[in-house]
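Participant: If you scroll down you'll find the structure; I have some questions about it.
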Amino acid sequence: MDYAAKEKDADFLMNQVFKVQQNWSQIEAYQEFSEELVRAVVAEGGRLATEVMAPLNEVGDAHGCQLNDGEVTTPPGFKEAFAQITEGGWLGLTGNPAFGGQGMPKSLAGLIEEMFWAANSSLFLYGSLTVGACLSIDAHGSAEQKQTYLEKLYSGQWTGAMALTESHAGTDLGMMRTKAEPQADGSYRITGTKIFITSGEHDMAENIVHLTLARIVDGPKGTKGISLFIVPKFVPNADGSLGPRNGWSSGSLEHKMGINGSATSVINYDGARGFLLGEEHQGLAAMFTMMNYERLSVGLQGLGAGDLAYQHSARYAQDRIQGRSATGAQHPDKEADSLLVHPDVRRMLLTQRAYVEGCRAFAFFAGMQLDEAKHMGDERAERFGQLLTPVVKAFLTDKGLEGAVMAQQILGGHGYVKEWGVEQIVRDARIAQIYEGANGIQALDLAGRKVVRDGGKTLKELLQVLADFELDAGHAPAVSEAFERLRRVTDSMIARSNEDANLPGAVSADFLDLVGMTLCAWAWGVMAQRAGDDDFGVAKKQTARFFFARLLPRTVGLEQGLMADSDVLMDMPEALFSA
Ligand SMILES: Cc1cc2nc3c(=O)[nH]c(=O)nc-3n(C[C@H](O)[C@H](O)[C@H](O)COP(=O)(O)OP(=O)(O)OC[C@H]3O[C@@H](n4cnc5c(N)ncnc54)[C@H](O)[C@@H]3O)c2cc1C
């Protein structure tokens, strides 16, 4: 499936909009990442995405994965392409340099991840889970565990997976039953069944390292009794070589709506050897190191899908001739005008584009917060990163699917049949709203934990910081009005939550939408200010104009709906849902 890497957009964000070199020059670990080096990294990442990963996107969808005698075979070409990704060191891009990682900024890595997701989300899943596993091991592992696992994972010789979900315990992990029995040698025997495990079993690496949540027998009930374990497919020997096959297996592969090239397994642990990662009963906190990364990354999956869909529909609209312009024939030499003469087709294209480019900008800003928190010990940046994570995860994946469906609409019937590839984007993008904590859970995390519980302090601090950016004069009043609206809604939500425990959950999805829209408004205000007068810059300014005129006004309706109390939802008796 054709995909064009967004090098120019990456460059624009890094060097014109956010001038990252100024920030990086204050971070010791980033001294060597000059503009030239970074440009070369983005160009090479883009080449890998377009030339190696994208050509396998449809192949992965058509072939899927196969399970035979417990062994999972990935689609043709995946193994070789994955080898190219790993040989280039792409899984260790932000990894700890003490173990072979490259220590690059998360903000930069985000731009590359987006391209990998867009090019082939099924293939990149094998890498993304590995990067997440490394983060948890680096943050919570013993010196020996880091030594044993990190280098092999960064290099892709081994891959990672995260095993949380059980058939009766998805969002509510406190109900999980997988158990861990302490052994005399300090290890644990893990027994239970996990479902939906991405990259849990496959043929692309010699070892697969599961980070598995389980309950130590006789531990506390609920989420406080859950611990995290490293449960490798082959237990490493002391010298790091592969030891005996561990006691877990892939019981079956899930049959899915999309991401068919990604192996999603049921994993049966039959007394498998596991090694505690971090503290006993602190497993959820340790797992969250991985999950927070995955949440940001899955947001970028949505963004990548949105961009891929935009690219397809924009090309199609240019070539497809159908009907005449309302103002008279624009291409009288042809039998009909292109789809681009129709305002409604332009509405769909500009909507896709406004969200893709606006979201890319604020996701990049979120990455910058993580970099500053990590290397400058900036407590405020840490809180900003935490606040923005659920917004990036949910808003980008919601808009990604919305954009993919619009692209499908632009292709008409050709968007519905397989031949043009857009229906695959729709099927592949859908999962990003569900896994890594369904988007409803992200919204609850934002509204309940990150805003109401915090009294709105971090959100208001963030708005203050954003207000200091120089905005395009024409759009600055609309951005301040959007900030004011968000402050108003936030105050009201916090005040009403004191009396009504259901209020945060009742308004959370729309609240997250409002935050996402407000961040997009800010991003477009800044981008319009920094855009030049070449074609690239003119397109930015036109898209900004569209965003402010046609999309931002939706926040007026959102505010109105957000003022309703939870009774409009909760007064309906449970029994009447089936009436
Ligand atoms: C293709 C695929 C790959 C996956 N990969 C992995 C993986 O690698 N590792 C792994 O461990 N898991 C994985 N998952 C599992 C995934 O993370 C879960 O499906 C997801 O977290 C939701 O859990 P659930 O399906 O049990 O839904 P449920 O928890 O039953 O939730 C159903 C719905 O109810 C809502 N809901 C539930 N509780 C609440 C609440 N308290 N408040 C408000 N709303 C609520 C949810 O938002 C959701 O919309 C994968 C799933 C799929 C389909």
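Participant: Restricted to segment 410-456, and to residues that are of a type in the set (Asp, Glu) and within 16 Å of the ligand (Cβ to nearest atom), which residue is farthest from the chain's Cα centre (by Cα)?
Facilitator: Looking at residues that are of a type in the set (Asp, Glu) and within 16 Å of the ligand (Cβ to nearest atom), I get ASP445.
Participant: Under 6 Å between Cβ atoms, at least 6 apart or on separate chains: pull out the pairs that start in segment 473-497 with a residue that is open to solvent by less than 20 Å² (accessible area, probe 1.4 Å) and end on any residue that is among the small types (Gly, Ala, Ser) and in a helix (DSSP H, G or I).
Facilitator: So the pair list comes out as VAL479/ALA521; VAL479/GLY525; ALA482/ALA521.
Participant: Could you please find all residues in segment 277-288 being surrounded by fewer than 21 Cβ atoms within 10 Å (Cβ to Cβ), touching a residue at least 24 places away in the same chain (Cβ under 8 Å) and within 15 Å of the ligand (Cβ to nearest atom)?
Facilitator: Once the filter is applied, which keeps residues that are surrounded by fewer than 21 Cβ atoms within 10 Å (Cβ to Cβ), touching a residue at least 24 places away in the same chain (Cβ under 8 Å) and within 15 Å of the ligand (Cβ to nearest atom), segment 277-288 yields only LEU284.
Participant: Looking at SER241, SER227 in this structure, which one is open to solvent by less than 50 Å² (accessible area, probe 1.4 Å) and in contact with a strand residue (DSSP E or B) (Cβ under 8 Å, 6 or more places away or on another chain)?
Facilitator: SER227
Participant: Which one is surrounded by the fewest Cβ atoms within 10 Å (Cβ to Cβ), of the residues in segment 356-377 that are in contact with an Asp or Glu (Cβ under 6 Å, 6 or more places away or on another chain) and among the aliphatic types (A, V, I, L, M)?
Facilitator: Ranking the qualifying residues of segment 356-377, first place goes to ALA373.
Participant: Open to solvent by less than 50 Å² (accessible area, probe 1.4 Å), in contact with a strand residue (DSSP E or B) (Cβ under 7 Å, 6 or more places away or on another chain) and either at pLDDT below 95 or more than 26 Å from GLY532 (Cβ to Cβ) (or both): does that describe GLY70?
Facilitator: yes
Participant: Just checking, which of GLY100, GLY132, GLY110 is within 28 Å of LEU37 (Cα to Cα), modelled with pLDDT under 95, touching a helix residue (DSSP H, G or I) at 6+ places or on another chain (Cβ under 9 Å) and more than 11 Å from the ligand (Cβ to nearest atom)?
Facilitator: GLY100
Participant: Identify, from the list GLY274, GLY302, the residue that is touching a Cys at 6+ places or on another chain (Cβ under 9 Å) and crowded, with 24+ Cβ neighbours inside 10 Å.
Facilitator: GLY302
Participant: Which residue pairs have Cβ atoms closer than 6 Å, lie 6 or more positions apart in sequence or on different chains, and pair a first residue in segment 501-521 that is under 12 Å from THR555 (Cβ atoms) with a second residue that is within 13 Å of the ligand (Cβ to nearest atom) and in a helix (DSSP H, G or I)?
Facilitator: PHE511/ALA447
Participant: Follow-up. Given the structure, is LYS399 open to solvent by less than 10 Å² (accessible area, probe 1.4 Å) and not β-branched (Val, Ile, Thr)?
Facilitator: Here the answer is no, as LYS399 does not meet what is asked.
Participant: Could you tell me which of the residues ARG315, ARG353, ARG380 is under 28 Å from the mean Cα position of the chain (by Cα), surrounded by fewer than 17 Cβ atoms within 10 Å (Cβ to Cβ) and within 20 Å of GLU423 (Cα to Cα)?
Facilitator: After ruling out the rest, the residue left standing is ARG315.
Participant: When the residues of segment 170-210 are narrowed to those that are farther than 19 Å from LYS79 by Cβ, β-branched (Val, Ile, Thr) and at pLDDT 95 or above, which ends up nearest to the ligand (Cβ to nearest atom)?
Facilitator: ILE197
Participant: Something else: Within segment 153-180, which residues are open to solvent by 10 Å² or more (accessible area, probe 1.4 Å) and either over 24 Å from GLY240 (Cα atoms) or basic (Lys, Arg) (or both)?
Facilitator: Listed by number, the residues that qualify are LEU164, THR165, SER167, HIS168, GLY170, THR171, ASP172, LEU173, GLY174, MET175, ARG177, LYS179.
Participant: Please go through segment 135-157 and give me each residue that is under 30 Å from LEU308 (Cα atoms) and away from the ligand (no atom under 16 Å from the Cβ), ordered by number.
Facilitator: TYR154, SER155, GLY156, GLN157
Participant: What residue, among those in segment 219-273 that are part of a strand (DSSP E or B) and of a type in the set (S, T, N, Q), is nearest to the ligand (Cβ to nearest atom)?
Facilitator: Result: THR264.
Participant: For the list (1) crowded, with 19+ Cβ neighbours inside 10 Å; (2) under 27 Å from the mean Cα position of the chain (by Cα); (3) among the charged types (D, E, K, R), I need the number of the one condition that ARG215 fails.
Facilitator: (2)
The values are calculated or read from the model by the stated rules, or taken from the named source; none is laboratory data. The structure presented is a predicted model; accordingly, all values stated were derived computationally and were not measured. Cβ sites come from the backbone with ideal geometry, for glycine too, and all protein chains shown count toward neighbours. We work out accessible area using only protein heavy atoms, side chains counted, and drop any ligands, DNA or RNA first. Shrake-Rupley method; radii C 1.70, N 1.55, O 1.52, S 1.80 Å.
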